[in-house]
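Structure record follows, encoded as structure tokens.
Just so you know, all these numbers are worked out from the coordinates, no wet-lab data involved. Since the model is a prediction, treat every value here as computed from it, not as a measurement. In this analysis, Cβ positions are derived from the backbone assuming ideal geometry, glycine residues included, and neighbour counts consider all displayed protein chains.
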Amino acid sequence: LMARALIIPGASVHWYDKPDARNPRVAIIMGSDSDLPIMKDAAEVLKTFDVPFEITIVSAHRTPERMYSYALSAKNRGIHAIIAGAGGAAHLPGMVASLTTLPVIGVPVKTAAMNGVDSLLSIVQMPKGVPVATVAIGNAYNAALLAIKILAVGDSSLCDRLSQYQEDMEQSVLIKAEKLEG
Ligand code: RP5
């Protein structure tokens with residue numbers, strides 16, 4: 001079990017409610033427990049690649065002081081990349097990016113009102129000097145892969161696993177193409 005911390009009262013959690021003895025290398029944060037159905041995809045990918053992570057709620061608007069202390073302490077706690085998901089007026093990824101030198105990957109969460117376009121624009125339209133790597137609406141899966149790619153720059157065994165992943169993906173498409181061609 002990979003997760004080290006989970007503070008989501010009332011959320012339906014299973015494997016990631018157990019602490020991991022190892023130090024987390026990636027942080028997954030989200031503005032609300034309502035983001036968990038999207039953000040758990042990132043947790044699953046990190047788990048598959050055996051990357052220790054922590055996952056919790058940090059809200060830019062409802063818990064601004066927690067966001068501040070979380071972002072300021074993340075690097076010293078050994079985190080290498082932060083995946084931040086939020087919906088609507090999705091200020092969490094950008095605000096966290098403004099407070100840390102760590103790379104921040106933003107996940108726009110789909111909303112009822114605007115299908116997540118509001119989230120996407122809130123996250124992607126950062127001012128010059130404060131980058132957030134933004135993935136597609138709801139694509140927490142890719143956010144985790146990107147975090148793994150960042151870690152893999154300095155981790156050859158993780159790099160090997162990524163190469164294998166990419167080869168497997170290629171093979172699965174080629175097999176489908178062969179079947180289609182008859
Ligand atoms: C944002 O507001 C959260 O990231 C969430 O996507 C959205 C709605 O939050 P809830 O009202 O469902 O808690 O802060």
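Can you give the charge dipole size of the chain about its Cα centre, rounded to the nearest 20 debye, using +1 on the beta carbon of Lys and Arg and -1 on the beta carbon of Asp and Glu? Write out the running numbers ahead of the final one.
Numbers: 16 positive and 17 negative charges, 112 e Å.
Around 540 debye, computed over the chain.
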### Query
In terms of the Cα gyration tensor, with a ≥ b ≥ c the square roots of its eigenvalues, is the range 15-155 rounded because a/c is under 1.5, prolate because a/b exceeds b/c, or oblate?
rounded
### Task
Starting at the first residue of the range 93-105, write each ³J(HN,Hα) from the Karplus equation 6.51 cos²θ - 1.76 cosθ + 1.60 with θ = phi - 60°, in whole Hz, x for Gly and Pro.
x, x, 5, 5, 4, 6, 10, 9, 8, 5, x, 10, 10
### Query
Who wins for biggest fluctuation among His80, His61, His91 in a Gaussian network model of the chain, springs between alpha carbons below 10 Å?
His61
### Query
When only Cα pairs under 8 Å and 6 or more residues apart are kept, what is the percent relative contact order across the chain?
19 percent
### Task
With springs only between Cα atoms under 10 Å apart, run a GNM on the chain and tell me which of Leu46, Leu36, Leu102 wobbles the most.
Leu102
### Query
Can you list the lysines whose alpha carbon is less than 17 Å from that of Lys47, not counting same-chain residues fewer than 8 positions off?
Lys18, Lys149
### Query
Which one of Gln171, Ser59, Ala152 is farthest out on the positive end of the charge dipole of the chain, using unit charges on Cβ (Lys, Arg +1; Asp, Glu -1) and the Cα centre as origin?
Ser59
## Note on the structure
Between the Cα axis of helix 156-181 and the main Cα principal axis of the chain, the angle (0 to 90°, nearest 10) is 50 degrees
### Task
Could you check which residue among Val51, Val109, Val130 shows the biggest mean-square fluctuation in a GNM of the chain with a 10 Å Cα cutoff?
Val130
### Task
Report ³J(HN,Hα) in whole Hz for each residue of the range 41-47, in order, from the Karplus equation J = 6.51 cos²θ - 1.76 cosθ + 1.60 where θ = phi - 60°; Gly and Pro get x.
4, 5, 4, 5, 5, 4, 5
## Note on the structure
To the nearest 10 degrees, the tilt of helix 64-74 (Cα long axis) against the first principal axis of the alpha carbons of the chain is 50 degrees
### Message
Within a 10 angstrom radius of the beta carbon, how do Glu181, Glu167 rank from fewest other beta carbons to most?
### Response
Glu181, Glu167
